[in-house]
Structures are given as structure tokens and as C-alpha cells.
1. Could you look through the range 54-96, keep only residues that are closer than 19 Å to residue 486 by Cβ and hydroxyl-bearing (Ser, Thr, Tyr), and pick out the one that is farthest from the chain's Cα centre (by Cα)?
2. Enumerate the pairs (first residue in the range 358-381 and closer than 14 Å to residue 348 by Cα and touching a residue at least 40 places away in the same chain (Cβ under 8 Å); second residue anywhere and assigned to a helix (DSSP H, G or I) and open to solvent by 50 Å² or more (accessible area, probe 1.4 Å)) with beta-carbon separation below 7 Å, excluding pairs fewer than 6 apart on the same chain, so at least 6 apart or on different chains.
3. If the requirement is being touching a Ser or Thr at 6+ places or on another chain (Cβ under 9 Å), closer than 30 Å to residue 644 by Cβ, in contact (Cβ under 8 Å) with a residue 60 or more places away in the chain and among the β-branched types (Val, Ile, Thr), which of these qualifies: 483, 535?
4. For the range 586-601, give me the residue count where each residue is in contact (Cβ under 8 Å) with a residue 24 or more places away in the chain and open to solvent by 30 Å² or more (accessible area, probe 1.4 Å).
5. Would you please list the contacts, defined by Cβ atoms under 9 Å and residues six or more apart or on different chains, that run from a residue in the range 218-234 that is over 18 Å from residue 257 (Cβ atoms) to a residue that is of a type in the set (Lys, Arg)?
6. Restricting to helices (runs of 4 or more DSSP H) lying wholly in the range 1-73: which have 1 or more residues that are out of contact with any Pro (no Cβ under 7 Å at 6 or more places or on another chain), at negative phi and free of Cβ contacts under 8 Å to residues at least 40 places away in the same chain?
7. Is there any pair linking a residue in the range 719-744 that is charged (D, E, K, R) to one that is surrounded by fewer than 17 Cβ atoms within 10 Å (Cβ to Cβ), with Cβ under 6 Å and at least six apart or on different chains, and which?
Amino acid sequence: EEPEAPVRFGWITGVMIRCMLNIWGVILFLRLSWITSQAGILLTWLIILMSVLVTSITALSVSAISTNGRVSSGGAYFMISRTLGPELGGPIGVVFSFANALACALNTVGFAETVRDLLIEYDSQIVDSINDVRIIGSITVTVLLLISLAGMEWESKTQILFFLVLMVSFVNYFVGTLIPATPQKQSIGVFGYHSEIFLENLFPDWRGADGDFFRMFAIFFPSAIGILAGANISGDLKEPEIAIPRGTLMAIFWTTVSYLAISSTVACVLRDASGSMNDSLPLNFSEPCEGLSCGLGWNFTECQQSGTCAFGLSNNFQVLIQVSGFGPLIYAGIFAATLSSALAFLVSAPKVFQCLCKDNIYPFIGFFAKGYGKNNEPLRAYLLCYIIAMCFILIAELNVIAPLISNFFLCSYALINFSCFHASITNSPGWRPSFRYFSPWTGLFGAVISVVLMFLLTWWAALIAFGLIIFLFGYVVYKKPEVNWGSSVQASTYNMALSYSVSLAGVEDHVKNYRPQCLVLTGPPTLRPALVDFVGSFTKNVSLMICGDILMSVSQRNSNDMIKWLNQRKVRSFYTSFKASDLREGARHLLQASGLGKLKPNILVMGFKLNWHEIYLFGLSDAFDSNHGVCVLRMMDGLDIRDELETEGMLCSSVCLNKANDQIKTVFQSKQGKKTIDVYWISDDGGLTLLVPYLLTRRKRWRRSKVRVFIIGEQQTMENDRKEMMTLLQRFRLDVHDVIVVTDSERPPLAKNMRRFEETLAPFRLNEGQLDERTVQQQRTEFTWKVTDKEMDALRPKVCSEKKVRLNEIIRRNSKYAALVLVSLPVAQADCPSSLYMSWLDTLSYGIHCPVLLIRGNQQNVMTFYCQ
């Protein structure tokens, strides 16, 4: 059998009626008359219009967001998270769900108060006034839960029934204002339309601890928060992009008219009345009488002066019942308004929370994501919302719950408006809402005024709301959930990056702003984690790092996997690949094409390859020719872990490879303790050799390491050379632990070490004396990297080679326990054979147990001791 189609609603039943029922809540029937008595008609209208201003601007923002693509379930959370991203969407999803649960409690308490007052009127109390509210509220919210569990179709039919009851009660009220008041009604302050009463009620009469404007606003504002009731069930609407704007705006219009009309017509009631028929005045009375009631034939002076008046706008919350034509119909309206709002909030909170749980942004809440039935009802989330509402129902104080809800909803409105503003100003081509009647500046105004109102209403509740959002925001930023919704934050990041890059391109370089921007020839970064970790150690949050991958045997590599691996390893780097026939061609093109504007590499970083005789010198010489610095990292066990992964059977796929690399730790991920960083500064390269150790020691893992600088000198001037070097380093503000002058560099190296160098070079010699002339010419053409006898004589390699071998001996002697050794990289002459030069580099870094970095700048100064 085909599965039964889910129930879908149009803009009238799904949005407009639902929003109107939510807005016509407990405040309308039980607090609007009291607010009018405190604030007067004029300020009450101001309170209503201020609330409508905030909700209308928010409705415009919601309309714009909801028409910018298909809106799924989740309401306000879905809109904010898909617009601003999970960082702000996640926190507001939690807060908004909680606020809806509180609003359910608020309206349930309002219903319970009304029932309690009826019981008191007929002398039928259960326990006492507070516990009666708790008992009635608990029973009511349980019944509402059962209706919700029955499904959206039953819930929608119930809401339509409530709407019809409300319409009847409104007609009943307005008819009652036109009926001439009986003496019984006059005794409780109801006199019908009198200009004197209307004029007196125009202006405020603040009373009690709650008697101020913003307290009245805080109590009234929850009556306007129902504008998102339709958006919250966006997943159950036929066409949410049409239904949400049309239904929400129509609901705001008609409910605003009703609030203004009721607050004006309720002014036909005096503020104070005793309710006693004995207070009526005879035609010829002589007793003292004060106040407006005297001219209407009643003397309420005694209860006014003693503060014991039990009736009137200021003293009784049941004024609408007393004014109406038939009181029980107003009770039916109160029941319909409170129960419909409570039911709508009880449905909204789980729907929003279910969407949040499905996105898996926070831990331990996935349990509530499961849906049941044809409409994917969140039954587990219903139970959670029921428990939260029950806890607040037990407070049983309407005026305590209302300000809390105001702050949570204002916070939601602020973020919705900011979402619309932010999406508009980023100029993203993807922001194309079909709803045109909005402005980014109204959205910004709505966001600002919402935040201001939060603090003006209840500052401590505002601090709680912001504290909760900041905590939840920090968690999402720290965890970085793997979601990509094309948010406006991404568009804004692109705009800022583009703007700053263009601006930076017009700024001349200055030595004080020099940063080592590295192009690292890693191949697949996953195969050379040590090289990636080392360069990331001194470039993270400081400068640019690009992992270059030259594709010679594969057509392409999944760059997303590489970026994901770098992010998991907490290395801030770009990844770029280039298809080339050989390493030199690829490196040359990457050096020229990588980067953007001023964000271009100025240093080429390589690992020391075992097959160095084939290609290496060309890459180094190309880097020097293009004015780049060069770094070559060598480790005893090599950098490529391919063999290790093959041995463990892990080199099977990119997923498997990433999994393996998660378990591979390199020496650069460990704390280095008090080991030393030894710098062998053989020649001045502009200062790069000294800058890299300084950047490393700023990292937590290298902070306790001491930097030692070794320089070449003579025995006679050793102390003077050391002092000069220390002075220079101090002027550069470099924290160097010690300067050591090497005075025995001219001593001949050990014979066994010299023999090893000659054996290393032997395979690359072109022994001309043992070959005929034709063979010699042929090999010179084919093997340009081989060393001829003539080149050996011209370059005097013996002297140079002995120096390299001797320096290697000095390094091995002095840096046995170092964490890292940096050695000035020799510059090859133009006519130097590549095999000879690479033999020198091999000899220079041979047999050193710690990582060795052969480094040379491009002779450009990278440090200065001047202020300008």
C-alpha cells in the first residue's frame, strides 16, 4: 500500500488563524484592562504600537527569509541557522524552543487563573488560590499534550473550533459595551460610553510595585509574540514561501485592530468601584463625595481612600466579563484564547527542537530528533516540552513568567531581523527573496530595538538570555559542526577577504610587516604529516601556508579530503594541486601562480628526498631565481609515511588514509621541553634563519626551548665576536639563550667522513679518463647533472666539500640533544653540477638525530631594529 500523504495546511488555517489565536492570548482578556488603567489609553496604545512595530518588522524579515528558497520544518530556528549559520542558529534554536515551552506555561496558567476565579465565585475552591492554579494547570497541559499526540490534523481542527468561539466572544463583548448599564453593573464601575470616563482614562495612573511604563510593556509584550506560530510549522504548510508572509502580516493587522479597539472601549469603566449597591447616591445628597463617580450617582470615596475597592479597571482582572452582554461567553473566549495559544506553543516548541536535534549541532539531544507517523510527529520532544511547561506552571504566577518569555522572544526577534539585514548587505547572488517589501535597515532597526527592549524590560533576564546564547555559541564555534548551509556569514567572510586582499595589494611592503609565507611541496599532505606540522608550527595565525601537490601520476585528487584532513589536524593551510610532467615544472608553475595579491608565497619549503640527484637542484635554483627563500627539512626516518601505511595495510583509500593519519603523531606535535633550538648562522640571508626560531618559541609546544646561535670565528677574536653577535640579537629583540663561536671549522674532517662523502658522489662522477671521446660527449648531453673532471678542478670542490663535512661533524658534536637544528643553506653557483651541490646538502645534514632545517632567505631583510 502507498503510504498515507501527510496533512498540509494553507495560509489561512495554517498561518493566519494560528497566528491570530496565538496573539489573542491570556493577556488580552486578563491583563489588557488592567494595563489600560495603569498606563491610560494613550500610553496603552503606545505600548501596543511599539509591540506591533517590533513584530511587524520581524514579520517583514521572516517574509523575506521564507521566500528566499524552500523553507523546511523548524520555523525560526531553520531560518536563522540557514541564514547566519549554525553558530547563531544553534543557540537561538535552544532558546526559542525553551521560550515556546514557557509561553505554553504562561497561557495555561492564564486559563487556570480564570477557572480558579470561577471556583472562588461559586465558593468551590479545591485547596487554596495558588495550589488551585497548579492543579488546574497541570490537568490542562496534560489534556493539551494528548491532543498534540493525536496528530496535526486533530490539533488544527481544535484550533478552528477555538477561533469560532473567540469570534463569538468578541461580538458578545462589543455588543455589551452598547447595552445601557444596569445598577448592578454601575456598582462595579461599568457605566457605558461617557466622555468624562473616557477623558479620565486617557492618562496614566501608576499604582503599586508594577506601576511603570516598561513594566507594563513587559507584561503586555507576550501577547504579541505569536507571529511565528505559522512559521514554526513551516514543514506542515502547502506553500510556506506564500503562506508565511501573507498569513503572518494579515494576522498582525487584524489583531492590532482588535487590541486598539478593546483598549479604547474598555475605558467605559471607572478605575475604582466598590461593588456595593449601598454606595449609590440619592438625588439630594449631602455627604462628602470625591471623584468622577459622584457625577454619575455613585460614591466610591470611602473605598478609594482606604484602597479597598474590589472592582474597576485598576482592581479587577475580569472587566471584560463584566462589560460584555453575556459573561459566560467571555469565559468561553478566555478559555479558547488561552488554550489555543497554549496548544500552539506546545506544538511549536517540539517542532523547532526536532529540527535542531536533526542537525546534530549539540550532543545528547539526538534522541529527540525521531519522528513518528505520516507527519513525522516529534513525540519525544512533545514529552520534553510538557515537562518544561509543567515546571513553570508550578510557579503559578502570571506576572513572573511573562517577563522571562518577553526576553527570550525578543532575543529571537533580534536575530531574525539581524539575519535579514546581514543577508542583504553581503550582496550575495544567492539572496533573492521574492518578498520585496523589506529593507535591510528596517531589519537592523528591529534587531537593535529588540536588544534595547530586552534590557529595558528585565535586565537580569536579558543577561541570562545573552549568557546562555554566548555559552551555546562558544560551544558551536569550538566544535565546528560539519554543516554547510550557504550562510550569509560565509558570504560576508568572502566579501571581507576580497576587500582586504584588494586593499592590501596597494600597500607597499615594509620590513616590520614581513611574514614568512610558505609554499610547501607536500604532495598529498596526508603522506607527509611531519612536514605539514612543522611549517604549521610557525605559520599558524601568523602567515600564509599553502600545501602544494604536483600531480604527475594521477589526474586529480580530492581537495576536500585534503582540506578536511588539515582542519582535523588543526593546521591552517590552503591546499592546491597542479598537474605537471615532472616536479620541476610543477614547482615552477606553483611558485608563479600560487597566492593572491600580497598573499603570495615568499618561501619554498621542501622535504629532503632520497632521490635528490634527479630533480632537486632545479627546484632550488628556480626558487632563488624567482626571489624566494628556501627551506629544506630533513629527518632521520624521512618524511614520507607511505611505506609505513602500506606495511600496516592502511593505504587503501582516502577515507582509510585519513583514518590512519588521525593516529599518526609526529615529533612536532609533542612538547619539546627544555631542549634547544640550535641555529648555525654561517652567512647572512636577511635574517630569516633567526626569525623562524623566534616564531617557533612563541608556540606553546616550543615555549620552554632555548635558542642557541652558532657562528664561525677565530680563537683570537672569539669573545669579541660573541659580544658583537649578542648585541646585534638584542637590538633585534630576539630572546637568544646563548651565542657560541665555533673556532675549529678550518680543521680537516675525519678521514672516514670524507670517504663517505666521496662514496656518495662517486656514482655521479663522469670518469672521462676511462671512456672514449664519443661516449663522454654522449653522457655529457644525457646526464647534465654528472660531475666532470674539468668541473672538479674549476670549482675546487675538495676545499668546499671538506668544509661541509667538517661543519657536519661540529653539528653532530654540539647538537646531540637539540630539538631542532637550523643550518644556513649554501647557494649553488650557476655552473655547479646538481649532483655535487646535493651531495653537499646530504653531507651537511647527515647523521643528525633531530630534525634539520636547511634554510636561506632571499637576501631581503626580514627584521629591523628601527621604529620606521
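The values are calculated or read from the model by the stated rules, or taken from the named source; none is laboratory data. These numbers were taken from a predicted model, which means no experiment stands behind them. All Cβ positions, even for glycine, are placed from backbone atoms using ideal geometry, and neighbour counts span all protein chains on display. These accessible areas exclude ligands, DNA and RNA; they are computed on the full protein's heavy atoms, side chains included. Shrake-Rupley method; radii C 1.70, N 1.55, O 1.52, S 1.80 Å.
1. Per the criteria, the residue is 67.
2. Hits for this filter: 379/149.
3. 535
4. Of the residues in that region, 8 qualify.
5. These pairs meet every condition: 219/31; 229/18; 230/18; 232/18; 232/351; 233/18; 233/351; 234/351.
6. Once the helices (runs of 4 or more DSSP H) in the range 1-73 are filtered for at least 1 residues that are out of contact with any Pro (no Cβ under 7 Å at 6 or more places or on another chain), at negative phi and free of Cβ contacts under 8 Å to residues at least 40 places away in the same chain, what remains is 32-66.
7. Cβ pairs passing all conditions: 731/865.
For (1) buried (at least 20 other Cβ atoms within 10 Å of the Cβ); (2) part of a loop (DSSP other than H, G, I, E, B); (3) more than 48 Å from the chain's Cα centre (by Cα), each residue gets a yes or a no:
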{"residue": "295", "(1), (2), (3)": "no, no, yes"}
{"residue": "314", "(1), (2), (3)": "yes, yes, no"}
{"residue": "328", "(1), (2), (3)": "no, no, yes"}
{"residue": "348", "(1), (2), (3)": "yes, no, no"}
{"residue": "352", "(1), (2), (3)": "yes, no, no"}
{"residue": "374", "(1), (2), (3)": "no, yes, no"}
{"residue": "385", "(1), (2), (3)": "yes, no, no"}
{"residue": "391", "(1), (2), (3)": "no, no, no"}
